[in-house]
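Here is the structure we will look at.
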Amino acid sequence: MSFENGIIDLRSDTVTHPTQAMRAAMANARVGDDVFGDDMTVIELEEYAADLLGYEASLFVASGTMGNLVALLTHCERGSEAIVGNRSHVFLHEVGGMAALGGIQANKIPNRPDGTLRLEDVMEAIREDDVHHPRTRLICLENTQNACGGVPLTPEYMSRMSDLAHSRGLKLHLDGARLGNAAVAQGVSLKALTKGADSTMICLSKGLCAPIGSLLAGSRKFIAEARRNRKLVGGGMRQVGVLAATGLLALKTMIERLAEDHANARRLAEGLRGIPGIELETPAPQTNMVYFRFAQSGKLDAAEIVEQMRKRGILADVRLVTHRWISSEDVDKVVVAFREVMKA
Ligand SMILES: *Cc1c(COP(=O)(O)O)cnc(C)c1O
């Protein structure tokens, strides 16, 4: 399945369009004012997501960034500290929101190539009770860990980290923007990956094809407070059942099919392997991302290669992401195009 205009867009899985079924569901959705708690479709989505992720409650938010921010605001008071990975989205790509809007300090520790944080590093980063120190409140993990090649963290690792957090009186937040990919890649349930995390954020608008939206899940008490913080950051929405309807389809019908994207990412990596000038950073992708480098020796620089690919109707970068609108035939076309461009 490709886009109608024939463009092969591998820049991200955020480029996915809503499916026909989603468009029909939008047209027919029951709606109400969600700030008053009146939108039945939003309520259905929040209940469905809470159950799917193994929590008491969940909250529909505009974006993953908003979901993570609201989680941080809810777990951490001003002047406190959150332990995050140096390759994590919440540290790298969320505009410093925790500091700018929450007065929360990030204590960053290295992500290993497999996406994990070492437990020893986390233990060392937890602050002593000392009048000089900020108070550590939270540990954040990301699954899949995007900037480490879309690698999934295992249920065993998740539970070791939650045991550590809870034994030290801390909370654990999971940035599960692509939790569906992590679950499908390992053949486990979403719940198996959220067990022990005090809150989880999942995105509907990436590989799951909804046009917008994420969910933040946690205990009933946590979500009640998160709802206030969502309002605080301007995220209270009105007749948003038109979007929640697409979210329900995203969660009910789009998770299992992520396996196709993973197969296409492996096919892409195999195709690119051996093309002179391309050095794969993820030779064996576990989910839907293929990272690579252009070797310095080539005549064209990276920007020129990207431009040459664009002229062939392929939008690419040094990260290639497969999704619902990329078919295996598209993957083969991309490999042929790269081979031609790299020959130059
Ligand atoms: C995309 C992403 C987010 C943020 O989602 P937006 O909807 O783009 O704000 C958070 N975490 C990870 C790992 C992501 O990939």
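Out of PHE36, PHE91, PHE3, PHE60, report the one residue that is among the hydrophobic types (A, V, I, L, M, F, W, C), away from the ligand (no atom under 16 Å from the Cβ) and modelled with pLDDT of 95 or more.
Criteria check complete, one pass: PHE36.
Within region 110-117, identify whether any single residue is over 12 Å from GLU142 (Cβ atoms), assigned by TED's automatic domain parsing to the domain that holds LEU179 and not charged (D, E, K, R), and answer yes or no.
Within region 110-117, one or more residues are over 12 Å from GLU142 (Cβ atoms), assigned by TED's automatic domain parsing to the domain that holds LEU179 and not charged (D, E, K, R).
Please go through region 123-175 and give me each residue that is free of Cβ contacts under 8 Å to residues at least 40 places away in the same chain, among the hydroxyl-bearing types (Ser, Thr, Tyr) and in contact with a Lys or Arg (Cβ under 8 Å, 6 or more places away or on another chain), ordered by number.
SER159, SER162
Does ASP13 count as modelled with pLDDT of 95 or more, charged (D, E, K, R) and within 16 Å of the ligand (Cβ to nearest atom)?
yes
Looking at region 335-344, is at least one residue within 19 Å of GLY150 (Cα to Cα), crowded, with 19+ Cβ neighbours inside 10 Å and in contact (Cβ under 8 Å) with a residue 60 or more places away in the chain?
Checked against the condition, which is being within 19 Å of GLY150 (Cα to Cα), crowded, with 19+ Cβ neighbours inside 10 Å and in contact (Cβ under 8 Å) with a residue 60 or more places away in the chain, region 335-344 yields no hits at all.
Kindly indicate which of THR65, THR74, THR41 is within 16 Å of the ligand (Cβ to nearest atom) and closer than 29 Å to ALA224 by Cα.
Being within 16 Å of the ligand (Cβ to nearest atom) and closer than 29 Å to ALA224 by Cα holds for just one of THR65, THR74, THR41, which is THR65.
Here is a list: GLY247, GLY176, GLY235. Which entry is under 21 Å from SER88 (Cα atoms), in contact with a strand residue (DSSP E or B) (Cβ under 9 Å, 6 or more places away or on another chain), of a type outside the set (Lys, Arg) and modelled with pLDDT of 95 or more?
Of GLY247, GLY176, GLY235, the one residue that is under 21 Å from SER88 (Cα atoms), in contact with a strand residue (DSSP E or B) (Cβ under 9 Å, 6 or more places away or on another chain), of a type outside the set (Lys, Arg) and modelled with pLDDT of 95 or more is GLY176.
Quick check on my filter: what residues within region 2-19 are assigned to a helix (DSSP H, G or I) and over 25 Å from GLY64 (Cβ atoms)?
None - no residue of region 2-19 is assigned to a helix (DSSP H, G or I) and over 25 Å from GLY64 (Cβ atoms), so the list stays empty.
If the Cβ limit is 9 Å and pairs must be 6+ apart or interchain, which residue in region 288-313 that is within 11 Å of LEU10 (Cα to Cα) pairs with which residue that is of a type in the set (Asp, Glu)?
Close Cβ pairs satisfying both conditions: ASN288/ASP13; ASN288/ASP261; MET289/ASP13; VAL290/GLU281.
Considering each of ALA147, ALA182, ALA177 in turn, give the residue that is within 16 Å of the ligand (Cβ to nearest atom) and in contact with a Pro (Cβ under 7 Å, 6 or more places away or on another chain).
ALA182
For residues that are of a type in the set (S, T, N, Q) and surrounded by fewer than 18 Cβ atoms within 10 Å (Cβ to Cβ), scanning just region 155-169, find the one that is nearest to the ligand (Cβ to nearest atom).
SER159
Looking at region 204-228, I want the residues that are aromatic (Phe, Trp, Tyr) and have a partner that is part of a loop (DSSP other than H, G, I, E, B) with Cβ atoms under 9 Å, at least 6 apart or on another chain. Which pairs are those?
Cβ pairs passing all conditions: PHE222/TYR55; PHE222/GLU56; PHE222/ASP198.
Taking the condition of being aliphatic (A, V, I, L, M) and within 16 Å of the ligand (Cβ to nearest atom), how many residues in region 105-134 meet it?
Selection size over region 105-134: 2.
Which helices (runs of 4 or more DSSP H) does region 252-344 wholly contain that include 2 or more residues that are at pLDDT below 95, of a type outside the set (Lys, Arg) and more than 25 Å from ALA182 (Cα to Cα)?
Because the criterion is at least 2 residues that are at pLDDT below 95, of a type outside the set (Lys, Arg) and more than 25 Å from ALA182 (Cα to Cα), the helices (runs of 4 or more DSSP H) in region 252-344 that meet it are 302-311, 328-343.
Mind checking which residues of region 35-73 are over 23 Å from the mean Cα position of the chain (by Cα), in contact (Cβ under 8 Å) with a residue 12 or more places away in the chain and surrounded by fewer than 22 Cβ atoms within 10 Å (Cβ to Cβ)?
Residues satisfying the conditions are VAL35, MET40.
What number goes with the only condition from (1) buried (at least 23 other Cβ atoms within 10 Å of the Cβ); (2) not assigned by TED's automatic domain parsing to the domain that holds THR144 that ARG230 does not pass?
The number of the failed condition is (2).
Collect the residues in region 288-312 that are surrounded by 15 or more Cβ atoms within 10 Å (Cβ to Cβ) and within 18 Å of ASP332 (Cα to Cα), keeping them in residue-number order.
ASN288, MET289, VAL290, TYR291, PHE292, ILE305, VAL306, GLN308, MET309, ARG312
The values are calculated or read from the model by the stated rules, or taken from the named source; none is laboratory data. The structure presented is a predicted model; accordingly, all values stated were derived computationally and were not measured. Every residue, glycine among them, receives a Cβ derived from its backbone with ideal geometry; neighbour counts consider all protein chains shown.
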